[in-house]
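Values in this text are rule-based calculations from the coordinates and carry no lab data. Keep in mind it's a predicted model, so treat the numbers as computed, not measured. Because the Cβ atoms are built from the backbone with ideal geometry, glycine has one as well, and the counts that use them run over all protein chains shown.
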Amino acid sequence: MSHVRPLLYAAALLLLNACGSGPRVPDWQMNAQSSMERATAAYMSGNASVEKNEFKRAREQLASTGKMELVIRAELIRCAARVAALTFEDCSGFEALRADASAADIAYANYLAGRANPADAALLPEPQRAILAASSDTAATAAAQAISDPLSRLVAAGALFRANRATPELLTLAIDTASAQGWRRPLLAWLNVQAQRAEKAGDTAETARLRRRIALVQSPTP
């Protein structure tokens, strides 16, 4: 699950630096890290029940420290995975804690919601800064393509889509990224968007091809 770690915004901020230096990593830290990774991976694969249980474990471990900032960032990680899969809903876990959020946390939440202020680009996690600072939709797509971590790349694509800045090339990038990782949930979401656009454009052959691919992802065995 190493592909999950860069999204953890980053793990050094969320967990690994949470308790300072020392020869032994506390159990809560390792448990929370592992559960967050499993929760994110489960969500991307479409396993909602596993995601829910693993996130609950991670949140409990983080809450045991009394460090509000850790729980806030965990909630943002959870929301980011949903944006990557085009599941646009209120980030309720974060909103319940907004009063204790930092400026960086608020900037990231706004970014995920598609209402970021370009002036806040420096407050975002490093992979997302160029996305917000891009001067055009084409430049933003190029910035997303330059993100090496696949999950961070999908988060960027989802944020751009939510902000009505998705180019056709961005859709292809998101589909290729999800496909390469075998992430069923975001792959289906992005394929459906591409199919809807093809249908709207009157491209019946492309629409049919995409619908066949969607059916394959939904039902991988005969």
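Assorted remarks:
- Gln181 sits among other residues whose Cβ lies under 13 Å from its own Cβ, and their net charge, with Lys and Arg +1 and Asp and Glu -1, is +1.
- For the chain, the longest principal axis of the C-alpha atoms and the axis of helix 68-84 are separated by about 10°.
- If R0 equals 25 Å, the separation of the Cβ atoms of Asn192 and Ser34 corresponds to a calculated FRET efficiency of about 0.20.
- Nearest-ten-degree value, helix 168-181 long axis tilted from longest Cα axis of the chain: 60 degrees
- Neighbours of Asp203, meaning other residues whose beta-carbon lies under 10 angstrom from its beta-carbon, give a summed charge of +1 when Lys and Arg score +1 and Asp and Glu score -1.
- Computed log10 I(q)/I(0) for the chain at 0.11, 0.12, 0.16 Å⁻¹: -0.54, -0.64, -1.08, from the Debye equation with unit scatterers placed on every C-alpha and solvent omitted.
- Cβ-based exposure ranking for Ile106, Ile72, in which fewest neighbours within 10 Å come first: Ile106, Ile72
- In terms of its Cα atoms, the range 115-196 spans 34, 24, 19 Å along the principal axes, sorted from long to short.
- Mean sequence separation of contacting Cα pairs (under 8 Å, at least six apart), scaled by the length of the chain, corresponds to a relative contact order of 18 percent.
- Distance between modelled label sites at Ala99 and Arg115, nm, 7 Å Cα→Cβ extension: 2.0 nm
- A run of the chain free of exposed loop cleavage sites, with trypsin sites (Lys or Arg not before Pro) counted only in DSSP states other than H, G, I, E and B and at most 13 other beta carbons within 10 Å, reaches its longest extent at 116-222.
- Bins of 5 Å from zero: percent of alpha-carbon pairs in the range 176-222: 5, 25, 29, 23, 13, 5, 0
- Considering only Thr172, Thr204, Thr40, the mean-square fluctuation computed in a Gaussian network model of the chain, springs between alpha carbons under 10 angstrom, is largest for Thr204.
- Residue among Ala142, Ala208, Ala80 with the largest mean-square fluctuation in a Gaussian network model of the chain, springs linking Cα atoms under 10 Å: Ala208
- The lysines whose alpha-carbon is closer than 25 Å to the alpha-carbon of Lys67, local same-chain residues fewer than 8 away aside, are Lys52, Lys56.
- Cα-based helix-to-principal-axis angle, 27-45 vs the chain, degrees rounded to 10: 10 degrees
- Likely footprinting exposure, Trp183, Trp28, Trp190, fewest C-beta neighbours within 10 Å first: Trp28, Trp183, Trp190
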